[in-house]
Amino acid sequence: MASSLTCAGVVWALLSFLCAVASCVGFFMPYWLLGSQMDKPVSFGTFRRCSYPVRDEVRQTTVMLEQCGRYASFQGIPSLEWRICTVVTGVGCGLLLLVALTALMGCCISDLISRTIGRVAGGIQFVGALLIGSGCALYPLGWDSEEVRQTCSNSSNQFELGSCEIGWAYYCTGAGALAAMLVCTWLACFAGKKQKQYPY
């Protein structure tokens, strides 16, 4: 099986895949922000939530339904900042995944990744990681929404957690993007083999 990647390119392909998986898993999981409401643990992602209050018509009370799910609609996401964060981070994760899968194919297919293609892929990774980083930076702007305030003892505000804490998925998403931006982008410059010059 012929490869179009150098040794640095193989490391780039594997690291790109790990960074993309870390960012995508972190983005999809609803554990970016952790708190509690009605003595039940509650967690938020950008477009998902675990544990939410529902009205029990039989007992005429509000109870916490302990399950995870997406918001019913895009407009149902608690704040405009989280909606923007969802789109920006999702596009960034898609770009990282696209480059990672292309890089992995370069391990098996000859003449797929040249030096120029590798550098372009590195540029795409940089943009994807920058988008994810922007999404992570936007996320705290939504902490002043009513849903988050109820979960964080009514003491949260933009960039103020109140009684809540940042969850592992936020760190996972950010770390994947940071590694992609700093390491993968650099390795991509050395990933492709020089193209053979064919005399015509």
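The modelled label-to-label distance for the pair Arg119/Trp186, using points 7 Å beyond Cα in the direction of Cβ, is 1.8 nm.
Looking at the range 1-103, the GluC sites (Glu not before Pro) that sit in a DSSP loop and have at most 16 other Cβ atoms within 10 Å of their own Cβ are Glu57. Cα convex hull, the range 10-77: 97 Å³ per residue, rounded to a whole number.
Provide the per residue accessible area, probe 1.4 Å, for the chain, rounded to a whole number of square angstrom.
Heavy-atom SASA per residue in the chain reads 52 Å².
Within the chain, the longest run free of exposed loop sites, counting trypsin sites (Lys or Arg not before Pro) that sit outside DSSP helix and strand states (H, G, I, E, B) and have at most 15 other Cβ atoms within 10 Å, spans 60-193.
Shown in residue order for the range 50-62 are the 3J(HN,Hα) couplings computed by the Karplus curve 6.51 cos²θ - 1.76 cosθ + 1.60 at θ = phi - 60°: 10, 6, 8, x, 9, 8, 8, 5, 5, 8, 6, 9, 9 Hz (x for Gly and Pro).
Just need the relative contact order of the range 44-200 here, percent rounded to a whole number, with Cα pairs under 8 Å and 6+ apart.
Reported as a whole number, the value is 24 percent.
Here the spin labels are modelled as points 7 Å beyond Cα on the Cα-Cβ line, and at Ala8 and Asn154 they lie 5.8 nm apart.
Solvent-accessible area assigned to carbon and sulfur over the range 125-200 amounts to 63 percent, based on a 1.4 Å probe. Between (i) 0.99; (ii) 1.55; (iii) 1.28, which matches Cα Rg over 2.2 N^0.38 Å calculated for the structure shown? It is the one labelled (iii). Long hydrophobic helices in the chain, taken as whole DSSP H segments with a C-alpha length of 27 Å or more on their own axis and mean Kyte-Doolittle hydropathy at least 1.0: 7-28, 80-106, 115-138. Per atom type, the range 41-116 shows carbon and sulfur on 62% of its accessible surface, probed at 1.4 Å.
The values are calculated or read from the model by the stated rules, or taken from the named source; none is laboratory data. Remember, predicted model here, so these are calculated numbers, not experimental data. Methodologically, a virtual Cβ is constructed for each residue, glycine included, from the backbone with ideal geometry; neighbour enumeration extends over all protein chains shown. The accessibility values were calculated without ligands, DNA or RNA, using every heavy atom of the protein model including side chains. Shrake-Rupley method; radii C 1.70, N 1.55, O 1.52, S 1.80 Å.
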